[in-house]
1. So what are the ³J(HN,Hα) numbers for the stretch 124-141, from phi and the Karplus equation (6.51, -1.76, 1.60; θ = phi - 60°), rounded to whole Hz, Gly and Pro as x?
2. Counting only other residues whose beta carbon sits under 13 Å from that of Leu34, what net charge do I get with K and R as +1, D and E as -1?
3. To the nearest 0.05, what FRET efficiency results for Asp106 and Thr58 with a Förster distance of 56 Å applied to their C-beta separation?
4. Using DSSP to define loop residues, name the GluC sites (Glu not before Pro) in the stretch 115-146 whose beta-carbon has at most 16 other beta-carbon atoms within 10 Å.
5. Can you flag which of Lys149/Lys207; Lys124/Lys198; Lys206/Lys235 are past 18 Å Cα-Cα?
6. Can you pull out the trypsin sites (Lys or Arg not before Pro) in the stretch 234-326 whose DSSP state is coil and whose Cβ has at most 14 other Cβ atoms within 10 Å?
7. What are the ³J(HN,Hα) values, in whole Hz, obtained from phi via the Karplus relation 6.51 cos²θ - 1.76 cosθ + 1.60 with θ = phi - 60°, for each residue of the stretch 403-414 in sequence order, with x given for Gly and Pro?
8. Can you figure out the FRET efficiency of Phe400 with Thr128, using R₀ = 60 Å and their beta-carbon distance, to the nearest 0.05?
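No value in this document is a laboratory result; all are computed from the given coordinates. Given the structure is predicted, the values throughout are model-derived calculations rather than measurements. Don't worry about glycine lacking a Cβ; one is built from the backbone with ideal geometry, like all the others, and counts go over all protein chains shown.
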Amino acid sequence: MSSTLAAIAFDPTIRGVFVVLTGVVVLCGSTYLLLATNTGIRTGFLIAITCLAGWMFTMGAIWWMYGIGLKGKDPSWIEREVNFTRDDAVAVEQVNRLPRTEDLPDPAKLLAAYTAKNPDVAEKILATEGEGFTPSTLTKAVTVVPTLKPQVDAKLNGWRILPESDSRRGDAVAASDATLVNTKVFGETTSSSDYITKDVFFYGGKKAAEPETVKGDNNLLEKAWNRVASTIQVKNPPLFAAITLQKTTDVVVAPGEAPPLPVIDENAEIITVVLERNLGNKRFVPALFTIFNGILFAVFAWMLHNKDKRAMAARASGRPPRPADVGQYLPLVVLMVLAGGFAGISFVTARVLNPPKPNTAKVSPYECGIVDQVPPPERFPVRFYLVAMIFIVFDIEIIFFYPFTTIYKELGGYGIAVIAIFSFAVFESFVYLIGKGALNWGPAKQERRSSEMVDAARTSRTTVRRVGLDGREAATEQVPNEAAA
């Protein structure tokens, strides 16, 4: 038994799971026991389980919207094929629609023709890219002049080119690099320096989810409609990516010299890496979690509503309330027993798993092993405890307010006076905590001293001690006098 407990204490993963489970059980159990003491065992359980389901529903909705927390598999690119030449048969028939690189427009001529008709664009390119800029790929051409993208896309038979500014291009290139390295296309030492990526093309996917070619092309109404159309389109069409690349020339670098910039080997074939987008189920898991807890919350809230209606009908009929039952204080007794038992078991378990073996290093502050040269400083207050006190204050207030709202009519003016005194005590505690700075989480404000508090005689010359200047002041004063003479 002791070896099992020692193994659990040693493994941080198992220990973390047990710590979280213990915290959840203690939090939920203590809340239920307090509610059961004030409202009864059944009503307290309904309130506690309804609040827990509502909280889980809210947390699941946040996970669902932002894709965090409990989530499924993230979207990723899946390798479909690597074409070393376009003459071979392809596994993805959509690749046959993509024109060969030699059949595509020449990027330099395409950009020259456009800038000849638009001198202002030529001036912008000169200012950003410098004189003599010539695009080596269509990607560079549509990157410097985004308005060329529709013209290029029209010649791609349904495919579309991605500029360098498109974040999806980097994701596809990274997946292509991983595919080439894993398949060892250029040998055992294949790396991204063995080739140069030329163009990235996309085919398929949701048309409404495509980004703007030029920022500001779509007005606000078109953007809203694209978002709605993309949302209501439940089925996602397949999305393919074709990344074209070409091998670089082999260069022998002498020891101690920097490698030269990679140069494309014009005799090498253009390789096409074809990928397919796997959308995964990133938001599917939190969606199921949210829907499930939403159903539980609705069912428990409906049960609470019916119970409240029956209680109101009973009070309206004039039936005398049931006499107080001593058993309603049973949850409070159970809470006290559990609290004492938990504390006792914690101390005993700590003694069994980690018996005290004091030594000089352990008894020193922070157990850092450094011998103290000066006494340790006094403890400073931690603001977390003040925030915890605020939480306890409002927690107690809410726990007492709920039963008061159910019987405030029977209590009359006496009940209102008592709850007013109780609220005043709670509010006074809150004001005290605010006065202690419990909510001041920002940087401390530095108060500037007024000029009246600063002595005019206190200067850097009179307050800063100078070391090693003995005998130099006279020499310093003598040099200017000689220069003046």
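1. 5, 5, 4, 6, 8, 9, x, 6, x, 6, 9, x, 8, 9, 5, 4, 5, 5
2. After counting each charged neighbour, the total is -2.
3. 0.45
4. Counting only loop positions with at most 16 other Cβ atoms within 10 Å, the GluC sites (Glu not before Pro) in the stretch 115-146 are Glu131.
5. Pairs exceeding 18 Å: Lys124/Lys198.
6. Those satisfying the criteria are Lys235.
7. Karplus-based 3J(HN,Hα) across the stretch 403-414 equals x, 5, 5, 7, 10, 5, 5, 5, 6, x, x, 5 Hz.
8. The formula returns an efficiency of 0.35 here.
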